[in-house]
1. Could you pull out which residues in the stretch 132-165 have an amide N less than 11 Å from a spot 7 Å beyond the Cα of GLN106, following the Cα-Cβ vector?
2. Report relative contact order for the stretch 24-232 in percent, whole number only (criteria: Cα-Cα under 8 Å, sequence separation at least 6).
3. Per-residue ellipticity at 222 nm for the chain, helices alone: DSSP H runs ≥ 4 residues times -39500 (n - 2.57), over residue total, nearest 500 deg cm²/dmol?
4. Starting at 0 and stepping by 5 Å, how many percent of the alpha carbon pairs of the stretch 131-248 end up in each bin?
5. Name the longest site-free stretch of the chain, where the excluded sites are trypsin sites (Lys or Arg not before Pro) in a DSSP loop with no more than 11 other beta-carbon atoms within 10 Å.
6. Along each principal axis of its Cα atoms, how long is the stretch 24-232 end to end? Whole angstroms, biggest number first, please.
7. Taking the Cα centre of the chain as the origin and placing charges on Cβ (Lys, Arg +1; Asp, Glu -1), which of GLY204, SER117, ILE230 is farthest toward the positive end of the dipole?
8. Calculate, in nm to one decimal, what SER202 and ARG20 gain on full extension: separation in residues at 0.36 nm each, minus their alpha carbon distance.
Amino acid sequence: MYERCLRGRHFSDTIGCVPRRTDHDRVRQSIIETVKGPHAHDLVAAYFDQRRGFAGAMFDGLDPGGLLAHNPIDCFTVDDIAAASLLDVRFGPTAVREVLISQEIQSALRAVPAQISLWDASETDLGVATELWSLVRGIDGVGRTRASKLLARKRPRLIPIVDSVIAGALHLGDETWRPLAEALRDPELRQAIDVLRPLPVSKGIGTLRLLDVLTWMSNSRSEAAVSVQIAVGAPPTRSMPRGRTSSP
């Protein structure tokens, strides 16, 4: 069995391993099908409904009490670590120390444009983002999911969250940024995603994050997500024990 190496470039980490290819057309079709689902709006609205207890409010800086809202664009903070950890990942002591004190990582972060969207990014933009990605991925214990959640907190327009649920639902292999960028260059598709934003939610919650939320809420097998799937009438990803189908 070949060991996959995921510490290098964002689009294909293939040194000494066999890459998992990404079919760009299949990714686009998967996004379209997800976005056009009849329960898409309700699933996104439920995620951002603070009464349901999802992590979105604090990860995205929407908590009414200002919890974890400290998110400067030019450096990583303890709030960033805590916010990313709310999305079901854990950073060990070594990773926390490196992210917070490494001047190389902080400098690489400052080099990544803060206002560029993934679909508008140039090769130069992707190049500097890749440098940051490689540094963070080079920290012991930081895999693709942890890195994507941490970097999405800092550059939400440019760097998508990719965990096992998202990768599986959208058919993403080792290559993730480019196929998502290609699909989202379609302004009509972006508009279809953006209209899912609940009215109380700031426009600062961008297209990538909305797509992430919808995809996760539609496909996660977590108890919280399945409870919402059942509540809004969407096909549940698994059955729930009796008496445990109420909203989280």
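1. Inside the label zone: nothing.
2. Normalised by residue count, the contact order of the stretch 24-232 is 29 percent.
3. Per the formula, -14500 deg cm²/dmol.
4. 2, 10, 17, 20, 19, 15, 10, 5, 1, 0
5. It works out to 91-202.
6. 47, 38, 28
7. Projecting each Cα onto the dipole axis, the largest value belongs to ILE230.
8. Working it through step by step, the gained length comes to 61.9 nm.
No lab work stands behind these numbers, since they all come straight from the coordinates. Source: prediction; values computed, not measured. As a convention, Cβ positions derive from the backbone with ideal geometry for all residues, glycine included, and neighbour counts pool all protein chains shown.
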